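Written below as structure tokens is the structure these notes are about.
Coordinate-derived values only; no laboratory data. Here the structure is a predicted model, which means the values were calculated and not measured. Because the Cβ atoms are built from the backbone with ideal geometry, glycine has one as well, and the counts that use them run over all protein chains shown.
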Amino acid sequence: MSDKMLAAMKQKPEAGARLVEIDIPKIKPDQVLLKIKAASICGTDKHIYSWDKWAASRLKPPLVFGHECCGEVIEAGSATTGRIKVGDLVSMETHVPCQRCLMCRTGNMHLCDNLSILGVDIDGIFAEYAAVPEICCWKNDPDLPIDIAAVQEPFGNAVYAVMESDVGAKSVAIIGDGPIAAFACGVARVVGAVKIYNLGMIPYNLDICRRLGADVSINVTQDKDYRQRIIDETAGGVGVVIDMAGNKSAVDDGFAILHKMGTFTAFGIPSAPFEFDLANHIVFKGARVIGINGRKMFETWYQMRNFLDNGKIDLAPVITHRFPFGDFIEAMELAVSNDTPSGKVVLTPMAS
């Protein structure tokens, strides 16, 4: 094996990225070396590629970015436990915990006080090889398709959000039409939501959400009376709102269509703070509010395994484009395009 590899790097604090040849990383004692089989592009990667205010405030180039992947373990460090072995096909939990803080020691590693994020704070997986912590490796069934294995991390966001929301026998509104919203429609359908409303803005994406499980698709740019329509059809509002958008309009919509004593689950992240009507949205409504960050480590991953191994959810419709790793720039340009709609964009790096 050569000691060099191809990697996608943010080399400078500016828009764009470059495919460059760099050294294959050397693993630390608690790490394993992955030969990357497939990777997918996340919303976070789009922020990094475009170099928006968030990326500029968080990243310190040079950095290999990317965090959604599956890969084959080809080397294990001297301090690894043996849980993950050479030859295993693994996906990555991208929250790297310190394992020492209060959150880690009380079963909440996904909220670690000293959290590092793969591809954001430390080198990621848009490369032919990646050195990753053993604790973050999730062993896959070897028969799981590599593109499905690569999108489990964002699928886990949806699983965590829906499972925390107690949607069984309830009407649900999922706000947003991106891949994680589509996954959430599928999970809500499987775990017993009786009616799923999906609110979004892009017909192409709304169709994907409908294929995953949404009963009613609402394009908020075209249907001006959607709030009253939902309230009327549900005799006062839905029992659960899961917000995947995170902007003020989405949040206001969510609380407007939520019935009293309902649950509002927040996953979407606003680009900036906004004014919020605490009294009417939460206090007078008696609403329950849940924040979702990442995935539970590793309860959510076991739930994902159960869904996938038993054929309960087909994630394939969410994967709309595939590119070889050598066409990384073209893939990123498609992912960030406002002109060409897309779901999940998957790369298939092949190490030499």
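Side notes on the structure shown:
- Based on the Stokes-Einstein relation at 10 °C and a viscosity of 1.306 mPa s, and on the Kirkwood radius from alpha carbon pairs, region 193-232 is assigned a translational diffusion coefficient of 153 µm²/s.
- Counting only alpha carbon atoms, the long axis of helix 179-190 and the longest principal axis of the chain meet at about 60°.
- Note on the chain: dipole from Cβ charges, positive end direction compared against 110, 6, 272; the farthest Cα belongs to 110.
- Taking each of 46/248; 10/248; 4/344 in turn, the alpha-carbon distance tops 23 angstrom for 10/248; 4/344.
- Where Rh is the Kirkwood radius over Cα pairs, Rg/Rh for region 148-259: 0.94
- Global geometry of region 37-163, whether rounded, prolate or oblate, following the gyration tensor of its Cα atoms and the 1.5 cut on a/c: rounded
- Percent RCO, i.e. relative contact order, over region 158-291, from Cα pairs under 8 Å lying at least 6 residues apart: 22 percent
- Computed magnitude of the charge dipole of the chain (debye, nearest 20; Cβ of K, R +1, Cβ of D, E -1): 620 debye
- Additional length obtainable on full extension of the chain from residue 79 to residue 143, 0.36 nm per residue less Cα span: 20.2 nm
- Simple spin-label estimate for residue 215 and residue 122 in nanometres, 7 Å along Cα-Cβ: 4.5 nm
- When shorter helices are ignored and each DSSP H run of at least 4 residues is given -39500 (n - 2.57), the per-residue value for the chain at 222 nm works out to -7500 deg cm²/dmol.
- Net lengthening on full extension, residue 108/residue 312 (0.36 nm per residue, minus Cα-Cα): 70.7 nm
- Estimated FRET transfer efficiency (residue 57, residue 327; beta-carbon r; R0 22 Å; 0.05): 0.15
- Take every pair of alpha-carbon atoms less than 8 Å apart whose residues are at least six positions apart; their mean separation over the length of the chain yields a relative contact order of 17 percent.
- Taking Cα centre as origin and charging only the Cβ of basic (Lys, Arg, +1) and acidic (Asp, Glu, -1) residues, the dipole magnitude of region 158-291 rounds to 240 debye.
- The charge dipole of region 71-144, taken about its Cα centre with unit charges on the Cβ atoms of Lys, Arg (+1), Asp and Glu (-1) only, comes to about 400 debye.
- In straight-distance terms, cross-link reach from residue 195 covers every one of the aspartates and glutamates whose alpha-carbon lies under 15 Å from its own, apart from those fewer than eight places away in the same chain; here that gives 166, 215, 232, 233.
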